[in-house]
Amino acid sequence: MLYFQNWSGGKDSTASIILEHIHGLPQSKIIMSEVMFDKKRNISGELPEHMEWAHNTAIPLFRSWGCEVEILRANKDYLDLFFHIVEKTKIMERKGKLVGFLLGGKCAANRDLKIKPINDFYKNVKDDFIQYVGIAADEQNRLERLQGTNRVSLLKKYGYTEQMAYNLCKSYALLSPIYNFSKRGGCWFCPNVSIKEHAHTKTEYPELWEDLRKLSLCDNLISPYFRYDKTFAEVDKDVDIYLNNLKFEKPQLTLFNN
């Protein structure tokens, strides 16, 4: 029997690896699927500080525990999806247009760039295997979907809730820096990202934000909306309002603290 850890770098999947190590379970291979924004320029869909932490902190520690780690990437990237020209469609007004920004709740990046490399990897595994997945003991709906599959939650097995997973990662100094400003990981261009997280990208990585602005200027898009029913320009304005409010709030906090 072979064992694999499906690892995103988030607290739950990281805690699963720690639990395997703590309890001396059979050694697994760690699989990470990295969504790419632009493969030609080697720009990840993950925030830079997250991938830096993964490569320089987490993966070296996992390897010191004896784990093999492999990072998977799809053949396509976000720009391939964005600039895809639609030819086959029942809605004729879409024919010949670019797909444009990804739709919230129907994310092609998750399907084509994250899940597909994992599925392709497992198709080539010839022996019986178990997949360890980072689902906490208090995520009942997600746990129910594991029934009848070869996917197993070590967090459920050892009774770890989401908060306990967070604390476990913190005790091993294995919390991704994304948790300094967000409750979740994921792609920085995702339509589900909060305004606070977009503000982080704009201030810390203005070159990435500029890439999105340039995409928003493209013509002939089926989906011009960057975040559900809002265009990039509208989201950009919301981000600026958020950042301006922060500038106002900080002096107020200083005044009250004194």
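Can you give me the relative contact order of the chain as a percent, contacts being Cα pairs under 8 Å and 6 or more apart?
23
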(request) Kindly provide the pair-distance distribution of segment 15-82 built from C-alpha pairs, with 10 Å bins from 0 and whole-percent values in order of increasing distance. (result) 18, 44, 26, 11, 1
(message) Just to check I understand the Karplus step: with θ = phi - 60° and J = 6.51 cos²θ - 1.76 cosθ + 1.60, what whole-Hz values come out for segment 154-166, glycine and proline as x?
(response) 6, 5, 5, 4, 9, x, 9, 7, 4, 5, 5, 5, 4
(request) For LYS29 and ARG184, calculate 0.36 nm times their separation in residues minus their Cα-Cα distance, and state this gained length in nm to one decimal. (result) 53.4 nm
(request) Stick to the Cα atoms of segment 68-208, pair each with every other, and give me the Kirkwood hydrodynamic radius in Å at one decimal. (result) 18.5
(request) Kindly write out, for segment 20-25 in residue order, the coupling ³J(HN,Hα) from the Karplus curve 6.51 cos²θ - 1.76 cosθ + 1.60 (θ = phi - 60°), rounded to whole Hz, with x marking Gly and Pro. (result) 4, 5, 4, 8, x, 6
(message) Calculate log10 I(q)/I(0) of segment 133-257 for q = 0.10, 0.15 Å⁻¹, where I(q) comes from the Debye formula with a single equal point scatterer on each Cα and nothing for solvent.
(response) -0.52, -0.91
(request) Using every pair of alpha-carbon atoms in segment 95-150, split the distances into 5 Å bins beginning at 0 and state the percent of pairs per bin, rounded to integers. (result) 4, 13, 15, 18, 21, 13, 7, 5, 4, 0
(message) Suppose every Lys and Arg Cβ carries +1 and every Asp and Glu Cβ carries -1, with no other charges. What dipole size does the chain come out with about its Cα centre, to the nearest 20 debye?
(response) 520
(request) Set the Förster radius R0 to 45 Å, insert the Cβ-Cβ distance between LYS116 and LYS237 as r into 1/(1 + (r/R0)^6), and round the FRET efficiency to 0.05. (result) 0.85
(request) Output the direction-averaged projected area (hull surface divided by four) of the convex hull of the alpha-carbon atoms of segment 111-185, in nm². (result) 6.6
(message) Quick check: residue separation of LYS196 and CYS218 times 0.36 nm, minus the Cα distance between them. What number comes out in nm?
(response) 5.4 nm
(request) Keeping all protein chains in place, calculate the accessible area per residue for the chain (probe 1.4 angstrom), answer in Å². (result) 56
(message) Quick check: residue separation of ASP38 and HIS55 times 0.36 nm, minus the Cα distance between them. What number comes out in nm?
(response) 4.2 nm
(request) Go through [x] 1.01; [y] 1.10; [z] 0.95 and flag the label whose value is the computed Rg/Rh (Cα atoms, Kirkwood Rh) for this structure. (result) [x]
(request) Would you work out the relative contact order for segment 88-217, in percent, from Cα pairs under 8 angstrom that are 6 or more residues apart? (result) 17
(request) Tabulate in residue order the Karplus-calculated ³J(HN,Hα) for segment 4-12, using 6.51 cos²θ - 1.76 cosθ + 1.60 with θ = phi - 60°, rounded to whole Hz; enter x for Gly and Pro. (result) 9, 9, 7, 10, 9, x, x, 4, 6
(request) May I ask you to derive the FRET efficiency for ILE130 and THR89 from their Cβ-Cβ distance with R0 = 41 Å, giving the value to the nearest 0.05? (result) 0.50
(request) For the chain, with all protein chains present and a 1.4 Å probe, just round the carbon and sulfur fraction of the accessible area to a whole percent. (result) 51
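The values are calculated or read from the model by the stated rules, or taken from the named source; none is laboratory data. Bear in mind the structure is a predicted one, so any value in this text is a computation, not a measurement. Positions of Cβ are backbone-derived with ideal geometry, glycine not excepted, and every protein chain shown enters the neighbour counts. Side chains included, ligands, DNA and RNA excluded: accessible areas come from the protein's heavy atoms. Shrake-Rupley method; radii C 1.70, N 1.55, O 1.52, S 1.80 Å.
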